[in-house]
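The values are calculated or read from the model by the stated rules, or taken from the named source; none is laboratory data. Owing to the predicted nature of the structure, the values given are computational and were not obtained by experimental measurement. Note that each Cβ is placed from the backbone with ideal geometry, even for glycine, and that neighbours are counted across all protein chains shown. Ligands, DNA and RNA are excluded from the accessible area calculation, which covers all protein heavy atoms including side chains. Shrake-Rupley method; radii C 1.70, N 1.55, O 1.52, S 1.80 Å.
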Amino acid sequence: MPAPVLCQSCGAGRAALRRPKTGQALCRECFVAAFEAEVHGTIVAARLFQPGETVAVGASGGKDSTVLAHLLRLLNQRHGYGLRLLLLSVDEGIAGYRDDSLDAVRRNRGRLGLPLHVVSYRELYGWSMDRIARHVGPKNNCTFCGVFRRQALDRGAALLGADKIATGHNADDVAETVLMNFLRGDVGRLRRCAGILTGSEGALPRCKPLKHAYEKEIVLYAYFQGLDYFSTECVYAPNAYRGHARTLLKDLEAIRPSAVADLVHSGERLAVREDVRMPTQGTCQRCGYLSSQPLCKACVLLEGLNRGLPRLGIGKPSRMQKVLTDAEKPEVGFREDSQQASRAIRTVDF
Amino acid sequence: MCESEEGGGCGGGGRPARAPRGGRPLKCMKCKEGPPVLIIRVGDAFCKACFKDYFVHKFRALLGKNRCIFPGEKVLLAFSGGPASSAMVRQVQEGLSREAAKKLRFKPGILFVDEGGVCGQGLEKRGEVRSQLERILRATGFPYHLVNLEEVFGLPGSILRAVSHSATDHSQSYKEAVDGFIQQQELLQCERTGGPGESLPGRLAELSIQDPSEKETAEVPGPLSISHTAELTRLFGAVKTLTAREELLQTLRNHLILHVARTSGYTKVMMGDSCTRVAVKLLTNLCLGRGAFLAGDTGFSDGRHGDVLVLRPMREYSAKEIAFYNRLFGVPAIFTPALATKAPDRASIHRLIESFLCKLQSDFPSTVSTVYRTGEKLGAAPGDDDSDGATEPERCLLCLCTLDTNVVDGSSLQSTLLSEELCQKPPLSAGSSCCEDAPTQTGCCKAPPVAGAIPPQVWLLPLLCYSCRLTIKDMSCLEPLPPYIHSEAERRRRSRAAMKQEIQEFLLEDDEAPPAS
Ligand SMILES: [Zn+2]
Ligand SMILES: [Zn+2]
Ligand SMILES: [Zn+2]
Ligand SMILES: [Zn+2]
Ligand SMILES: [Zn+2]
């Protein structure tokens, strides 16, 4: 039997893992300490928080947001950030998937002792994801899911009086988004997606404290800390391009383990030519949310759903924009829904 | 215009024109007369003559639009034997034989770098390829250079230095230069022949003979290059991954091309990257951490060397268009093996991206053109502009791009450095954190980086950009690197140290990091 490998950091403990990020063999304690120190290092170096801020932590019940909530509570105490932390969950209305993941969030709330608030698609938009999927068909669900979730978090956090939203995006997510936006030629998003702290004018600022944490290390950390999370993927398959980007990233990582960090570095350093026109940010005519078009993406998608033409909002946004802004005569069905929606903007507290 | 919406477009293998759905068009869409021989995009059928016009025009139009080649200037055509650079050489031939108003006015030379030494080719095989090449090159009538990759072992350290722009003459505008050249040519012609009318090939031949670089054409591989083959093999043997080997080969090849250009007086180098190649390179380099350099690595013109400008005049042609052109007009191509010719798809990042884009292109026919257009929207990073600013920015020892390794707060590089450093010293235990007692602000724990165990690459890394660091980290030892890299690295480290000595008394803290520009 071979002798146990010793930890390359402390030299005393028995190595329990090979760190995906650096390739070093570490004992459990050294890995946990390094992982926590690195997230703290990121938070401090990027000046993500100011003392006294209220931070809404987007909690989906998955591994990333579970580790994020755990770490923020721990580091806030250990290093005295002086933050008021809240958990904010979005109920998309996906039978089975969401019920189970919300259960995981509730268990964590108990463990962390942080207040939890839930906002739901049905209350905000009048549509649950399951109902949307029945209308839209098997494709493009994540277009709705993503657009609605982003706004739902913002609206929920604003209602709670939060100063900032912290999301669980990790290095793999950022690398994947860089790849995807590059393949789609979306230079505006390409530049934004690599940022660690974004959207300070108008909208609530968002930050990604786990931006440099590898997905594999987040799983390892959750495992060593005995964190309880919900690990089933969303039942609605991601759009084709994201799927391709995800597969490519896994293949890249197999060839060169630093590929994730290398892509994030590339994304941070990309320079868009000065003469390339970037979309100017304004606000949505209908709901007031930040948007580069007269109507925000959520309002366009919602209008498509309410008119019984769900696919109108996908793909060519210009067509729908034109239809909607030219004839701002609300139809009966829409009026009903928008009233229902405005009535419903409130959070459910636990 | 680089859409290759019908078929793959990425393999470069020419397939015959297929009839579009709904029947084959009967006439060429341009002249409305000739029989169509190919369809570039759905619905666009060209006859042979119109396709040639379209192809040749595109080349001249791109050079004309950018107005960067002065009349009479010496331009080196980097020729690999592959379809794109073969088509490029043909375009220059076509351009030089045009009627006066439209013709190209520069003086071309061709360079072929024999990489057989790293691709597992024996001397006999290399000799065969070489005689095949000589036949093709001699037929062009242009002066040419055949060099072995082994010659990098004799390069001077100065090849790793950018030469400032001020060396070239900016006082003359492009228009003035063109007018001056035409007058001069007319004068010369009158003196020689007593009037215009002499055939162009005759004049060209004269230009070639007067060319001082002509005698280099006669050079054959001497005993020097053959003795270096073992060193070359040793060098590539020290590189642990195919990804890094691909990068190193490209770096050395670029140095050699630059060297030939400088020593033979060429001020422009033309590379034969097609649109498809540019898309593959953009995505590959993005994955290799070269995000800051994508514009220079793939753009129409790249001025990182200062005195010699690198141009990519084939970047608007798809691989498919090129394959058609070469077939229809009998452009010869030679197959020369590459590093990864027989390697599987996942052997290197380069291979992976190539097959990924190829597959994606068959599902989404606009993939290559979308990626290409993404690249068009990118520019040089701010502060990377070498035309203004009093001090030259510090450049990567290997790729000569402005260093992208200044540590920005909250960046990926900073986090990677922190991870490397944390795992090399005893960990902070949870209880003994530095700011437990004085939690006044969130910035209290920031400690300057501490040097840990020293791997052999450490002395070279500070001189390299992020991506070249990755390449060098994949080497088991650096000693087999060619001498010019070692000597230039040593020179830079000495000048760095001297500079640091000079400014020492003004520095408040000891910081190894280069100043952020
Ligand atoms: Zn340890
Ligand atoms: Zn989803
Ligand atoms: Zn809106
Ligand atoms: Zn025709
Ligand atoms: Zn470099």
query = Do the conditions hold for A:Arg18, that is, is it on the phi > 0 side of the Ramachandran plot and within 14 Å of another protein chain (Cβ to nearest Cβ)?
reply = no
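Residues checked against (1) within 20 Å of B:Ser274 (Cβ to Cβ); (2) more than 14 Å from every other protein chain (Cβ to nearest Cβ); (3) open to solvent by 30 Å² or more (accessible area, probe 1.4 Å); (4) more than 16 Å from ligand 3 (Cβ to nearest atom):
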site: B:Cys28; (1), (2), (3), (4): no, yes, no, yes
site: B:Cys31; (1), (2), (3), (4): no, yes, yes, yes
site: B:Gly34; (1), (2), (3), (4): no, yes, no, yes
site: B:Val37; (1), (2), (3), (4): no, yes, yes, yes
site: B:Ile40; (1), (2), (3), (4): yes, yes, no, yes
site: B:Phe46; (1), (2), (3), (4): yes, yes, no, yes
site: B:Asp53; (1), (2), (3), (4): yes, yes, yes, yes
site: B:Val56; (1), (2), (3), (4): yes, yes, no, yes
site: B:Arg67; (1), (2), (3), (4): no, yes, yes, yes
Qualifying positions in segment A:1-31 - in a helix (DSSP H, G or I), open to solvent by less than 20 Å² (accessible area, probe 1.4 Å) and touching a residue at least 40 places away in the same chain (Cβ under 8 Å) = A:Phe31
ask   = Checking A:Gln50 against (1) in a helix (DSSP H, G or I); (2) at pLDDT 95 or above, which single condition isn't satisfied?
value = (1)
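Taking B:Gly379, is it modelled with pLDDT under 90 and either away from ligand 3 (no atom under 16 Å from the Cβ) or open to solvent by 10 Å² or more (accessible area, probe 1.4 Å) (or both)? Outline the logic, then answer.
Values: modelled with pLDDT under 90: yes; either away from ligand 3 (no atom under 16 Å from the Cβ) or open to solvent by 10 Å² or more (accessible area, probe 1.4 Å) (or both): yes.
Answer is yes for this residue.
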request  = Residue by residue through segment B:341-376, note down the ones that are of a type in the set (Phe, Trp, Tyr) and at pLDDT below 90.
outcome  = B:Phe364
message = Against the condition modelled with pLDDT of 95 or more and either touching a strand residue (DSSP E or B) at 6+ places or on another chain (Cβ under 6 Å) or away from ligand 3 (no atom under 16 Å from the Cβ) (or both), how does A:Val57 come out, does it pass?
response = yes
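Count, please, the residues in segment B:252-304 that happen to be part of a loop (DSSP other than H, G, I, E, B) and more than 14 Å from chain A (Cβ to nearest Cβ).
Within segment B:252-304, the subset part of a loop (DSSP other than H, G, I, E, B) is B:264-267, B:271-274, B:288-290, B:299-300, B:303-304.
With more than 14 Å from chain A (Cβ to nearest Cβ) added as a condition, the list becomes B:264-267, B:271-274, B:303-304.
So the count comes out to 10.
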note = Taking segment A:263-277 and the residues there that are more than 24 Å from the chain's Cα centre (by Cα) and either of a type in the set (S, T, N, Q) or open to solvent by less than 90 Å² (accessible area, probe 1.4 Å) (or both), the one that is farthest from B:Ala292 (Cα to Cα) would be A:Val276
request  = Report the residue count in segment A:150-180 for those that are within 14 Å of another protein chain (Cβ to nearest Cβ), hydrophobic (A, V, I, L, M, F, W, C) and under 14 Å from the mean Cα position of the chain (by Cα).
outcome  = 4
key: Residue ranges of helices (runs of 4 or more DSSP H) in segment A:114-212 with at least 3 members open to solvent by 40 Å² or more (accessible area, probe 1.4 Å)   = A:129-136, A:141-159, A:187-193
ask   = Restricting the search to segment A:43-68, which residues are farther than 18 Å from A:Asn170 by Cβ and either open to solvent by 10 Å² or more (accessible area, probe 1.4 Å) or without any contact (Cβ under 8 Å) to a residue 24 or more places away in the chain (or both)?
value = A:Val44, A:Arg47, A:Gln50, A:Pro51, A:Gly52, A:Glu53, A:Thr54
Test: residue in segment B:322-344 that is within 14 Å of chain A (Cβ to nearest Cβ) and open to solvent by 30 Å² or more (accessible area, probe 1.4 Å) = yes
ask   = Is one or more of the residues making up segment B:97-106 modelled with pLDDT of 90 or more and either under 24 Å from the mean Cα position of the chain (by Cα) or over 29 Å from B:Val278 (Cβ atoms) (or both)?
value = yes
note = Taking segment B:247-263 and keeping only residues that are open to solvent by less than 10 Å² (accessible area, probe 1.4 Å) and farther than 15 Å from B:Asn148 by Cβ, one is left with B:Leu248, B:Leu258, B:Ala261
ask   = Taking the stated definitions as given, is A:Arg78 of a type in the set (Lys, Arg), out of contact with any Pro (no Cβ under 8 Å at 6 or more places or on another chain) and more than 16 Å from ligand 4 (Cβ to nearest atom)?
value = yes
task = Check whether at least one residue in segment A:54-61 is over 30 Å from A:Arg98 (Cα atoms) and more than 10 Å from chain B (Cβ to nearest Cβ), and report yes or no.
result = no
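Being open to solvent by 60 Å² or more (accessible area, probe 1.4 Å) and modelled with pLDDT of 85 or more is true for just one of A:Thr247, A:Thr280. Which residue is that? Steps first, please.
Working: A:Thr280 fails: modelled with pLDDT of 85 or more.
Only one candidate passes the filter, namely A:Thr247.
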request  = Output the number of the condition that B:Val450 fails; it satisfies all remaining conditions of (1) within 27 Å of A:Ala175 (Cβ to Cβ); (2) at pLDDT below 50; (3) among the β-branched types (Val, Ile, Thr).
outcome  = (1)
